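The values are calculated or read from the model by the stated rules, or taken from the named source; none is laboratory data. Because the structure is a prediction, the values reported are computed rather than measured. FYI the Cβ positions are ideal-geometry reconstructions off the backbone, even for glycines, and counts take in every protein chain you see. Keep in mind that these areas ignore ligands, DNA and RNA; they rest on the heavy atoms of the full protein, side chains included. Shrake-Rupley method; radii C 1.70, N 1.55, O 1.52, S 1.80 Å.
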Amino acid sequence: MQGVGAGVRPTGWVAPFTNATGITITPVGGGVEDGIDYSDWDITGTASVDGTVFLYCWGSASDIPATPGQVYSGSLFCKLASGTLAGTTWVGGTGPNGVFLTPYNSALTAIGGGQNTVFTPSSAPLARCRFASENWTTPANTAYVGMYVRFQVTAGVAVNLRLRIGWPQIELGPSASSPIRTTGSAATRAADSFSASILDRPEGTLFIEAATSASAIGGTNGLIQVDNGGTGNRISVYQLGQVDRRLAIYIASGGVASANTAVGSTVTPGVTVRAALSWGAGAASMSVNGSTPVTFSGVALPAVAFLRIGGGGGGVSGNPWGGPVRRGALCARTLSNAELQALTA
C-alpha cells in the first residue's frame, strides 16, 4: 500500500468513481491493522439520484495483461472503519456489488463477462474481513483484467462511512492464495510449504483435504508426507502429474521404494479431494474420496521425524502442490480401512 496519505490514493490506484451526484469519495490516509497495510476512504454526502460507487484497486486498465480463457481470482481485506452503512446497498439492488473482477479489451474498454462476490462490510478486525471472487474465467476479447469494490447508494439518504481496504490481490489460479505484500510491482508466488518436527511414528495416519491446481505445474505434485529429512526415507501422498491426475501412495526406506501406486480415480482440477494414508506393522493403506483402500503388506517402513504439507512429490523429486490446502492431520495410530473410507468420503 505505497504512497497513501491524506487526500492521496495509493500509488498507481485509479481514481474512484460514482455516478451518484452529491456523493464524495476521499482518500484519508493509511496505516497497518493486524499486520495488514490499508488505505482508508471516506464516502459522504446525499445522492440526488440512485447510483453506484466504484473503488478501483489497481492502476490503469493496462496494468494486468490477460488472455481469454485464463482463470483468475481476486481478493482484498475490507471493513467498516467508522460510520454506518445507512444509505448504501451491498447485497441485492440493481448491480453486481462486492468484490468485482472485470475484463478490458485491447482498446482498454470494459467488456461484459466480469464476476463478483457480494459481501457486507463489518467493523470486525481487518484480518477477519478478507473477501474474494474466485475461479473466474476471462471471456472472449479479454486483453487486461482489473478489480474494484462496488456498492450502491440511495437518493435522498445521507451517507457517512469510512471503508478500510487492505492488500488487494489479483492472481492467476482458481482460488485466492495467501496475500503477498508487494511494493508497487507484480510479484511471483514461491512454493508455499509447511513442515514441523514430529516424534518418530512407527505407526500413524496422514489425512489431507485440498484442491488441485487448474494450471499445469508439470511432473509430480507433492501433497503431504512424513520423512527423516531426505527423499530416501518417507511416506507420502502425491499427484502423479497433469495427464494422470490420480493421487498416489509412496513409501521408501533406505532409498528403496516398497509402495508407489495410484489410488482412486482422476482428480478434477480445482475440486476438493480428500485422502488418508495409514501405516504400521509392515503394512499400509490409502483411500481417496471414500474409495476402497489400496492395501500393501510386507512394507519396509522408514523412521520419520518431519511432517510436510505442500511439497515432496513421488519418486526422487517433486513439484509443489500448487493449490489450496483446506486441512491436514497426523494421527498417532493406524486407522482401519473402514475408518479411512469414512474419513475421506
Study note, to complete from the structure: When the range 1-18 is checked residue by residue, the ones that are assigned to a loop (DSSP other than H, G, I, E, B) and open to solvent by 60 Å² or more (accessible area, probe 1.4 Å) are Gln2, Arg9, Thr11
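With among the small types (Gly, Ala, Ser), within 17 Å of Ser75 (Cα to Cα) and surrounded by fewer than 15 Cβ atoms within 10 Å (Cβ to Cβ) as the only criterion, which of Ser122, Ser133 stands out? Explain how you work it out, then say what you get.
Values: Ser133 fails: surrounded by fewer than 15 Cβ atoms within 10 Å (Cβ to Cβ).
Selected residue: Ser122, the only one of Ser122, Ser133 that is among the small types (Gly, Ala, Ser), within 17 Å of Ser75 (Cα to Cα) and surrounded by fewer than 15 Cβ atoms within 10 Å (Cβ to Cβ).
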Point to revise | Among (1) touching a residue at least 24 places away in the same chain (Cβ under 8 Å); (2) in contact with a Pro (Cβ under 9 Å, 6 or more places away or on another chain); (3) of a type outside the set (Ser, Thr, Tyr); (4) open to solvent by less than 40 Å² (accessible area, probe 1.4 Å), the one test that Asn116 misses | key: (4)
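Does Ala110 meet the test of being aliphatic (A, V, I, L, M), more than 21 Å from the chain's Cα centre (by Cα), open to solvent by 40 Å² or more (accessible area, probe 1.4 Å) and closer than 15 Å to Phe17 by Cβ? So that I can check it myself, show each step before the final result.
Details: aliphatic (A, V, I, L, M): yes; more than 21 Å from the chain's Cα centre (by Cα): yes; open to solvent by 40 Å² or more (accessible area, probe 1.4 Å): yes; closer than 15 Å to Phe17 by Cβ: yes.
Here the answer is yes, as Ala110 does meet what is asked.
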Review point. List pairs: first in the range 242-253 and more than 20 Å from Thr205 (Cβ to Cβ), second modelled with pLDDT of 80 or more and open to solvent by less than 20 Å² (accessible area, probe 1.4 Å), Cβ under 6 Å, 6+ apart or cross-chain?
Key: Arg245/Val267
Review point. Within the range 290-304, can you find the residues that are open to solvent by less than 30 Å² (accessible area, probe 1.4 Å) and either closer than 16 Å to Val256 by Cβ or touching a Ser or Thr at 6+ places or on another chain (Cβ under 6 Å) (or both)?
Key: Gly290, Pro293, Val299, Pro302, Val304
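List the strands (runs of 3 or more DSSP E) that sit entirely inside the range 34-87 and contain at least 1 residues that are open to solvent by 40 Å² or more (accessible area, probe 1.4 Å) and at pLDDT 95 or above.
Values: elements: 36-46, 51-56, 71-83.
Passing ranges, in order: 36-46, 71-83.
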Review point. Which is closer than 11 Å to Phe77 by Cβ, of a type in the set (D, E, K, R), at pLDDT below 95 and open to solvent by 70 Å² or more (accessible area, probe 1.4 Å), of Arg189, Arg181, Arg128?
Key: Arg128
Review point. When residues of the range 276-293 are filtered for being touching a Lys or Arg at 6+ places or on another chain (Cβ under 9 Å), assigned to a strand (DSSP E or B) and over 18 Å from Ile309 (Cβ atoms), how many remain?
Key: 2
Revision key, fill the gap. Picked from the range 19-32 (must be in contact with a Gly (Cβ under 8 Å, 6 or more places away or on another chain) and open to solvent by 30 Å² or more (accessible area, probe 1.4 Å)), the residue nearest to Asn160 (Cα to Cα) is Thr24
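Test Pro121 against the stated conditions and say whether it is out of contact with any helix residue (DSSP H, G or I) (no Cβ under 6 Å at 6 or more places or on another chain), without any contact (Cβ under 8 Å) to a residue 60 or more places away in the chain and closer than 20 Å to Asp40 by Cβ.
Numbers: out of contact with any helix residue (DSSP H, G or I) (no Cβ under 6 Å at 6 or more places or on another chain): yes; without any contact (Cβ under 8 Å) to a residue 60 or more places away in the chain: yes; closer than 20 Å to Asp40 by Cβ: yes.
Yes: the conditions hold for Pro121.
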Review point. Before we move on, is Gly156 touching a residue at least 24 places away in the same chain (Cβ under 8 Å), crowded, with 16+ Cβ neighbours inside 10 Å and among the small types (Gly, Ala, Ser)?
Key: no
Exercise for review: Residues being open to solvent by 10 Å² or more (accessible area, probe 1.4 Å), of a type in the set (A, V, I, L, M) and within 24 Å of the chain's Cα centre (by Cα): count how many of those fall in the range 268-287.
Suggested key: 1
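Among the residues of the range 136-145, which ones are hydroxyl-bearing (Ser, Thr, Tyr) and open to solvent by 20 Å² or more (accessible area, probe 1.4 Å)?
Applying the first criterion (hydroxyl-bearing (Ser, Thr, Tyr)) to the range 136-145 yields 137-138, 142, 144.
If the condition is that a residue be hydroxyl-bearing (Ser, Thr, Tyr) and open to solvent by 20 Å² or more (accessible area, probe 1.4 Å), then Thr137, Tyr144 are the ones that fit.
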Review point. Do we have Ile170 as farther than 28 Å from Val304 by Cα, in a strand (DSSP E or B) and modelled with pLDDT of 90 or more here?
Key: yes
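Could you list, in sequence order, all residues of the range 318-341 that are of a type in the set (Gly, Ala, Ser) and over 27 Å from the mean Cα position of the chain (by Cα)?
Kept after step one, since they are of a type in the set (Gly, Ala, Ser), are these residues of the range 318-341: 318, 322-323, 328-329, 332, 336, 338.
Hits for the range 318-341 are Ala332, Ser336, Ala338.
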